[in-house]
Amino acid sequence: MRYAIYFTPPPNDALTMIAANWLGRDAFSGANVKLPSLRAIEGLDIAALTEEPRRYGFHATLKAPFRLAEGKSEGELLSALLHFSASITPFTIPRLVIRRLGDFFALVPDAPVSELNQLANDVVVAFDRFRAPLNAVETARRKPEKLTENQRHLLERWGYPYVFDAFRFHMTLTGAVSEKDQDLVERQLAAFFAPVLDEPVEVGNIALFVEQEPGAPFEVHSLHPLSAGVPVSQRVKPQHISD
């Protein structure tokens, strides 16, 4: 089993629901969702286009997937998430936009949000004690030969090459898109997500995702509300989705 600490909005959030419709799967329920029928990109296989992000579920990575370190338990991880989330103040991303990152598309903040970078940095450090060292297969999966020297160092030290200065908050929407199709896909994504792109996104929780076995789809295990500065009477308890 592998775990990952991600950000994703709550299950009833409009962004969550439209993203599940686009990707074809709800990471909260694990249920498949009928893929949209889009005349504008007829000739493209949407199921293939979204295959990789569909397996991981709609999310932004804070702590990349990891196996538990020897001597650590899921209960200890959940306890640490409870205490950590209680120390973080909720904040808002004013606006997300569709952006091409290399050969894939994702939702990213329209402008830098310093709280996002700080949250990601803190999660990486705080939960590294729960991460088992990468094995040879896991290291090879990251294609270290294509990474910069600094990224290889980050991979070796933290189990993921895109942390700290190399971190960029993004919520992946596609796998690799051929250059000839990128403009078309970008326009379709912008139209599909238009109803929610002008809405601010509240970062009010972090989520624990689980992969039950190698290659299985990631599902939301539990949501952990950020509650520093929130009056005790208004605090929400962690939500265990599998309960």
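Before moving on, here are some points about what is shown:
- Each other residue within a Cβ distance under 10 Å of Val33 adds +1 if Lys or Arg and -1 if Asp or Glu, for a net charge of +2.
- Taken along the Cα-to-beta-carbon direction at a fixed 7 Å, the label points for Ala140 and Met17 span 4.5 nm.
- Put simply, the C-alpha atoms of segment 111-153 give a gyration tensor, and the ellipsoid matching it has half-axes of 24, 17, 8 Å, longest first.
- Longest segment of the chain lacking GluC sites (Glu not before Pro) that sit in a DSSP loop with at most 14 other Cβ atoms within 10 Å: 71-243
- Additional length obtainable on full extension of the chain from Arg100 to Glu51, 0.36 nm per residue less Cα span: 15.9 nm
- One chain, two ends: Ala176 and Asn117. Fully extended at 0.36 nm per residue, the span grows by 18.7 nm beyond their Cα-Cα distance.
- Mean residue ellipticity at 222 nm, helices only, the chain: -9000 deg cm²/dmol; runs of at least 4 DSSP H residues each add -39,500 (n - 2.57), and the sum is divided by the number of residues.
- Solvent-free Debye scattering, log10 I(q)/I(0), computed from the Cα coordinates of segment 112-224 at q = 0.12, 0.16, 0.22, 0.23 Å⁻¹: -0.63, -1.12, -1.41, -1.40
- P(r) histogram, all alpha-carbon pairs of segment 12-147 included - 10 Å bins from 0, percent: 9, 29, 37, 22, 4, 0
- FRET efficiency, Ala126 to Ser37 (Cβ-Cβ, R0 51 Å, nearest 0.05): 0.75
A short reminder: the numbers here are calculations on the coordinates, not readings from a lab. The model shown is predicted, which means the values in this text are computed figures rather than measured ones. Cβ coordinates were reconstructed from backbone atoms using ideal geometry, including for glycine residues, and neighbour counts include every protein chain displayed.
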